[in-house]
Structure formats: structure tokens, C-alpha cells
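The values are calculated or read from the model by the stated rules, or taken from the named source; none is laboratory data. Being a predicted model, the structure only gives us computed values, none of them experimental. Don't worry about glycine lacking a Cβ; one is built from the backbone with ideal geometry, like all the others, and counts go over all protein chains shown.
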Amino acid sequence: MSKKVPYRVYLSEEQMPKQWYNLRADLKEQPDPMLNPATFQPITAEELYPVFCEELVKQEMDTTTRYFDIPGEVLDFYKMFRPSPLIRAYNLEKALDTPARIYFKFEGNNTSGSHKLNSAAAQTYYAKKQGLAGLTTETGAGQWGTAMAEACAFFKIPLTVYMVKCSYEQKPFRRSVMQTFGAEVIASPSPTTTAGRAILEKDPQNGGSLGCAISEAVEKAVTTEGYRYVLGSVLNQVLLHQSIIGLETKAAMEMLDEYPDIIIGCAGGGSNLGGLIAPFMQDKLLGKASPRIIAVEPASCPSFTRGRYAYDFCDTGKITPLARMYTLGSGFIPSPNHAGGLRYHGMSPVLSKLYADGYMEAVAVEQTKVFEAATFFAKHETILPAPESAHAIRVAIDEALRCKESGEAKTILFGLTGTGFFDLTAYDAYANGTMTDFIPSDADLEKGFALLPKVPGVK
Ligand SMILES: *Cc1c(COP(=O)(O)O)cnc(C)c1O
């Protein structure tokens with residue numbers, strides 16, 4: 001293993017994957033189907049058409065098509081920021097004095113600052129192709145709203161973003177970016193929907209929540225002629241689009257004659273992790289390789305490590321179908337944590353199934369340890385990571401230090417999902433020593449579990 005690997009490996013445009021990979025086609029057992037919460041019957045495509053674009057509903061429900069062609073227009077869009085680099089973290093390795101070889105796939109090289117643009121581009125393209133009049137969505141931390149604003153500007157389709165009010169006020173520059181791309185940004189709760197007005201009547205000062213913003217965005221979509229709603233994580237279609245991350249990574253590693261022993265990614269709703277691991281998990285499912293796969297979540301919002309594998313609503317407003325997933329309960333409100341993109345109560349049903357069946361591991365990490373890793377990484381690799389991404393860095397460093405103890409030269413791969421330029425309040429809090437670690441008690445979690453819907457025949 002003395003072959004000198006370059007710092008950055010880029011595929012050429014020609015080498016970019018031309019298809020997305022649908023991991024469900026290789027699963028030994030499928031995740032349980034989404035259910036209609038009124039009838040507890042599996043949801044049908046027809047029930048989803050008023051909410052989502054048709055082509056995306058088809059992708060959502062397709063468990064057998066292994067590869068989907070990436071439309072030419074989407075590939076052309078991808079070429080503005082892809083292929084993304086696979087970086088060998090030589091300086092981090094040296095600083096840790098580890099024999100491990102550390103690689104990371106960097107998705108922060110676009111204005112949205114995260115991997116979310118991969119799915120935003122696809123979802124917006126299909127919406128335009130269907131001739132829709134416009135799209136609605138919600139955004140919490142702001143990355144998804146920004147990615148959608150970029151894609152909608154490019155494909156020329158109007159976008160309304162319901163942005164959680166406290167975030168709208170705290171991150172005015174996120175809002176400016178979205179508005180610059182032409183999106184209409186509304187602080188949620190807002191007077192523009194029944195759901196928003198109901199909350200404002202009771203509490204005019206309400207700072208909003210992701211659940212409330214989802215309710216408003218869905219209501220606006222289904223009540224506006226020709227509009228549909230888009231979601232940036234959790235769904236099967238989003239994992240499908242994000243498989244581009246893993247496919248590029250695998251191709252680049254093959255060029256280097258490398259294969260990861262350990263693959264690490266942060267997990268909010270599971271889309272970047274699901275995308276990064278997709279082709280490696282395929283190898284694992286087909287018995288060709290057996291990399292360790294580790295999901296990293298915040299100790300403040302521990303869906304995998306302390307959640308229940310149960311049917312639950314995907315939103316706090318309880319208007320979505322039920323999905324069987326690891327969940328803390330749709331009523332669980334995580335404590336304020338600076339990794340906004342990881343504050344979701346549930347988890348992708350596909351990853352949940354893989355975790356339940358023992359194909360992957362999960363760890364929960366505390367916020368101050370995450371920022372310690374983020375700062376260390378920034379100083380040695382010169383990239384300022386997003387707080388979400390830094391969860392993966394934390395565990396990559398821990399694994400590399402374990403290699404130092406054991407003397408094993410393992411190959412470690414992690415996903416660096418984005419940059420942290422809009423998260424400097426969090427970096428300040430870490431630097432000032434005012435950052436706290438909140439870990440919910442078992443009693444806190446029981447409150448969320450108590451409100452899980454009771455689905456007949458499912459324990
Ligand atoms: C949204 C986001 C995440 C978490 O979402 P997943 O769907 O779990 O990937 C992670 N990192 C960044 C930078 C994000 O914006």
C-alpha cells in the first residue's frame with residue numbers, strides 16, 4: 001500500500017454515473033409499506049398524486065427497478081457542481097498519527113452548501129416536465145430551501161418556501177440567498193394557511209417548527225392549482241437521487257485500488273448516508289464485501305440508538321402517511337442543537353430496515369465533542385464543515401485513533417455533506433465555552449413514544 005494517492009480524486013465528466021441506483025432492488029426483505037393513517041391500508045400512487053409529482057411517486061413506490069437513467073437535463077445541471085471530489089485526508093491522518101487511510105467525499109462545493117442540491121435538481125426537473133405551475137416546501141436550517149431555490153431558478157418554476165420562523169429571524173442571510181434565486185420565503189407559522197392561522201390565533205409569538213412548516217407547505221400545495229410539494233430527505237426517491245454520491249465515490253476508489261473497511265455518515269433523515277453507502281451496501285447484500293457502516297446522530301436526537309422501530313407520522317402536524325421507521329415520536333421536540341439538519345424525529349424507512357436487520361451500526365455523539373472534531377478538522381484540512389457533517393468527522397477521528405492503538409491500517413471513508421458558513425453562531429458558542437450537551441432522559445423519550453399511533457397488527 002505504498003502507492004501514492006493524490007489529495008483530490010475527480011472523475012472526469014465522462015466517468016460520471018449516468019444512472020441512479022435503487023438499493024431496494026437488492027434488499028432481501030422490503031421495508032414495511034407506507035400506510036394511510038385513516039384506513040391503515042398501504043398507500044396507493046393515486047393517493048399521493050395530489051401531493052407529489054407523478055414521476056417521483058413512481059420512483060417512491062418502485063422496489064424492483066435497480067437502475068434509473070438520470071435525465072440528460074439533470075446530468076447537465078449536475079455538471080455545474082459534480083463530480084464532487086473524493087479527498088484523501090493526509091493532513092488529518094498526520095495530525096492524528098494514525099496508520100488508517102482516511103478519505104472523505106465532499107458535497108459542499110455548491111451555493112446551497114450541501115448534498116441537498118442532488119435531489120432538488122431531480123425533483124424540480126420532473127415537476128417542470130409535468131408542467132406544474134409551482135412547488136412548495138419547508139426549510140428549517142435552510143439548506144434544503146436554498147437547494148430548491150437554486151434548482152427552481154434554473155428550471156424556471158415558481159417556489160414557495162415555508163421557513164421556520166425562529167430560523168427565518170436568526171439566519172437572515174439564508175433567506176437572502178433563497179430570495180436572490182427568486183423564491184418566495186414565508187416565515188412559518190404564517191397567515192397564508194389555515195394551519196398557520198390556527199397557531200397564530202392561539203400564540204401570535206410562536207417561533208414555528210419543522211412540523212408546522214410542513215403542514216403549511218403541504219396545505220398550500222394541495223390548495224393551489226397545479227402546485228405540488230417536495231421533501232428533501234427521508235423519502236425513498238431522495239435516497240435514490242443521492243446514490244450519485246456513493247456511485248461516484250466507488251468509481252473513484254476503484255481507480256485507486258481502494259475499498260473502504262469502514263463507511264461513516266451523519267444521519268438526519270438518512271438521505272446522504274443512504275446515498276453514500278448505496279453501492280457498498282449492494283456489495284454487502286450480495287455477499288461481495290462486508291464493510292462496517294456507521295450512522296452518526298446527535299445525542300440530543302437519537303432516533304436509531306434510542307428510538308422505536310414503529311409506524312409513525314413523518315411530520316408533527318400528523319397529515320402525512322405513516323412510515324415504519326426508527327422514531328422518537330412525531331411529537332418529540334429535540335432540544336436546541338446546532339446541527340439543524342439532524343433534528344428530525346424519524347429516519348429513512350430503508351435505512352431503518354437495514355439497521356433492524358443488522359446491516360449497519362449507529363452511534364450518538366455529543367455536540368461539544370462534535371465541534372471539537374469540526375475545529376480540529378478545519379485546522380488541518382482547511383474546510384469549515386457544517387455541524388451536521390462534523391458528526392461523521394467525530395466518528396471517523398475516533399475510528400482512526402482506534403487504528404492507532406491497534407496498529408491496523410484500515411481504510412476509512414466518510415461523507416462530508418456540507419460547509420458551515422451559516423453556522424458561525426454555533427462555532428462561536430463552542431469557542432466561548434457556552435455550548436451545552438443535552439441528552440434526553442428515558443422519561444423524556446417515553447413521552448414521545450406514548451403518542452405513537454397504534455397500528456392494528458404491528459407491535
Ligand atoms: C440536511 C443535511 C444533513 C442531514 O440530512 P440527511 O437527509 O440525513 O442527509 C446533513 N448534512 C447537511 C450539510 C445537511 O444540509
Since Glu138 meets every condition but one in (1) farther than 30 Å from Gly207 by Cα; (2) crowded, with 20+ Cβ neighbours inside 10 Å; (3) among the charged types (D, E, K, R), which condition does it not meet?
(1)
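Given the criteria under 21 Å from Gln19 (Cβ atoms), buried (at least 24 other Cβ atoms within 10 Å of the Cβ) and either assigned by TED's automatic domain parsing to the domain that holds Cys314 or touching a residue at least 60 places away in the same chain (Cβ under 8 Å) (or both), does Ile244 qualify? Give the steps one after another, and end with the answer.
Numbers: under 21 Å from Gln19 (Cβ atoms): yes; buried (at least 24 other Cβ atoms within 10 Å of the Cβ): yes; either assigned by TED's automatic domain parsing to the domain that holds Cys314 or touching a residue at least 60 places away in the same chain (Cβ under 8 Å) (or both): yes.
In short, yes.
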Just the residues that are under 30 Å from Tyr7 (Cβ atoms) and free of Cβ contacts under 8 Å to residues at least 12 places away in the same chain, please, taken from the range 57-74.
none
Residue list for the range 266-308, filter: surrounded by fewer than 24 Cβ atoms within 10 Å (Cβ to Cβ) and either among the basic types (Lys, Arg) or in contact with a Gly (Cβ under 6 Å, 6 or more places away or on another chain) (or both)
Pro279, Lys284, Lys288, Arg292, Arg306, Arg308
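Inspect the range 112-129 for any residue being in a loop (DSSP other than H, G, I, E, B), within 15 Å of the ligand (Cβ to nearest atom), of a type in the set (S, T, N, Q) and over 11 Å from Arg228 (Cα atoms) and give the result as yes or no. Break it down into steps so the answer makes sense when it comes.
Initially, the range 112-129 is screened for residues in a loop (DSSP other than H, G, I, E, B), giving 112-113, 115-116.
Checking which are within 15 Å of the ligand (Cβ to nearest atom) leaves us with 112-113, 115-116.
When the remaining residues are screened for being of a type in the set (S, T, N, Q), the result is 112.
Pick out the ones that are also over 11 Å from Arg228 (Cα atoms) and you get 112.
Within the range 112-129, one or more residues are in a loop (DSSP other than H, G, I, E, B), within 15 Å of the ligand (Cβ to nearest atom), of a type in the set (S, T, N, Q) and over 11 Å from Arg228 (Cα atoms).
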What tally of residues in the range 305-357 results from selecting those that are over 18 Å from the mean Cα position of the chain (by Cα), hydrophobic (A, V, I, L, M, F, W, C) and either under 17 Å from Met34 (Cα atoms) or modelled with pLDDT of 95 or more (or both)?
4
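Just give me the residues in the range 188-219 being of a type in the set (D, E, K, R), out of contact with any Pro (no Cβ under 8 Å at 6 or more places or on another chain) and farther than 17 Å from Glu47 by Cα, in sequence order. Break it down into steps so the answer makes sense when it comes.
To start, the set of residues in the range 188-219 that are of a type in the set (D, E, K, R) comprises 197, 201-203, 216, 219.
Going one step further and asking which of them are out of contact with any Pro (no Cβ under 8 Å at 6 or more places or on another chain), we end up with 201-203, 219.
Across the range 188-219, the qualifying residues are Glu201, Lys202, Asp203.
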Given the conditions (1) more than 16 Å from the ligand (Cβ to nearest atom); (2) more than 30 Å from Ala89 (Cβ to Cβ), every one holds for Leu256 apart from (2)
I need a count of the residues in the range 26-46 that are assigned to a helix (DSSP H, G or I) and in contact (Cβ under 8 Å) with a residue 60 or more places away in the chain.
1
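Hey, any hits in the range 160-175 for a residue that's in contact with a Ser or Thr (Cβ under 7 Å, 6 or more places away or on another chain), aliphatic (A, V, I, L, M) and either without any contact (Cβ under 8 Å) to a residue 12 or more places away in the chain or farther than 17 Å from Gly340 by Cα (or both)? Don't jump to the end; show me each part of the working.
Filtering the range 160-175 for residues in contact with a Ser or Thr (Cβ under 7 Å, 6 or more places away or on another chain) gives 160-165, 174.
Filter again for aliphatic (A, V, I, L, M), leaving 161, 163-164.
Among the residues that remain, those that are also either without any contact (Cβ under 8 Å) to a residue 12 or more places away in the chain or farther than 17 Å from Gly340 by Cα (or both) are: none.
Scanning the range 160-175, I find no residue that is in contact with a Ser or Thr (Cβ under 7 Å, 6 or more places away or on another chain), aliphatic (A, V, I, L, M) and either without any contact (Cβ under 8 Å) to a residue 12 or more places away in the chain or farther than 17 Å from Gly340 by Cα (or both), so the answer is no.
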Mind checking which residues of the range 416-437 are small (Gly, Ala, Ser) and more than 16 Å from the ligand (Cβ to nearest atom)?
Ala429, Ala431, Gly433
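Return yes when Val177 is outside the structural domain of Ser352 (by TED's automatic domain parsing), modelled with pLDDT of 95 or more and over 30 Å from Ala89 (Cα atoms) and no when it is not.
Numbers: outside the structural domain of Ser352 (by TED's automatic domain parsing): yes; modelled with pLDDT of 95 or more: yes; over 30 Å from Ala89 (Cα atoms): yes.
Here the answer is yes, as Val177 does meet what is asked.
Only one residue in Glu107, Glu47 is over 21 Å from Gly268 (Cβ atoms) and among the acidic types (Asp, Glu), so which one is that? Walk me through how you get there before you give the answer.
On the way: Glu107 fails: over 21 Å from Gly268 (Cβ atoms).
Just a single option satisfies the conditions, and that option is Glu47.
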So the check is Cβ under 6 Å with 6+ separation or different chains; which pairs have a first residue in the range 111-140 that's assigned by TED's automatic domain parsing to the domain that holds Met178 and more than 18 Å from Gly341 (Cβ to Cβ) and a second one that's within 14 Å of the ligand (Cβ to nearest atom) and of a type outside the set (A, V, I, L, M, F, W, C)?
Ala122/His241
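Quick grid of which residues meet (1) at negative phi; (2) in contact with a Cys (Cβ under 8 Å, 6 or more places away or on another chain); (3) more than 16 Å from the ligand (Cβ to nearest atom); (4) among the small types (Gly, Ala, Ser):
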{"site": "Ala252", "(1), (2), (3), (4)": "yes, no, yes, yes"}
{"site": "Ile294", "(1), (2), (3), (4)": "yes, no, no, no"}
{"site": "Glu297", "(1), (2), (3), (4)": "yes, yes, no, no"}
{"site": "Cys314", "(1), (2), (3), (4)": "yes, no, no, no"}
{"site": "Gly329", "(1), (2), (3), (4)": "no, no, yes, yes"}
{"site": "Arg343", "(1), (2), (3), (4)": "yes, yes, no, no"}
Residue satisfying all of: in the range 432-455; of a type in the set (A, V, I, L, M, F, W, C) and farther than 19 Å from Val365 by Cβ; surrounded by the fewest Cβ atoms within 10 Å (Cβ to Cβ) among these
Ala443
What do you reckon, is Glu107 within 16 Å of the ligand (Cβ to nearest atom), farther than 19 Å from Thr180 by Cβ and charged (D, E, K, R)?
yes
Keeping to the range 264-292, report how many residues are more than 14 Å from the ligand (Cβ to nearest atom) and either within 22 Å of Thr305 (Cβ to Cβ) or outside any helix (DSSP H, G or I) (or both).
10
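Given the options Phe77, Phe104, name the one that is outside any loop (DSSP other than H, G, I, E, B), touching a residue at least 12 places away in the same chain (Cβ under 8 Å) and under 17 Å from Val238 (Cβ atoms). Before you say what the answer is, go through the steps one by one.
Numbers: Phe104 fails: under 17 Å from Val238 (Cβ atoms).
Criteria check complete, one pass: Phe77.
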Going through (1) over 16 Å from the mean Cα position of the chain (by Cα); (2) closer than 22 Å to Val74 by Cβ; (3) not hydrophobic (A, V, I, L, M, F, W, C) one by one, Glu216 fails only at (2)
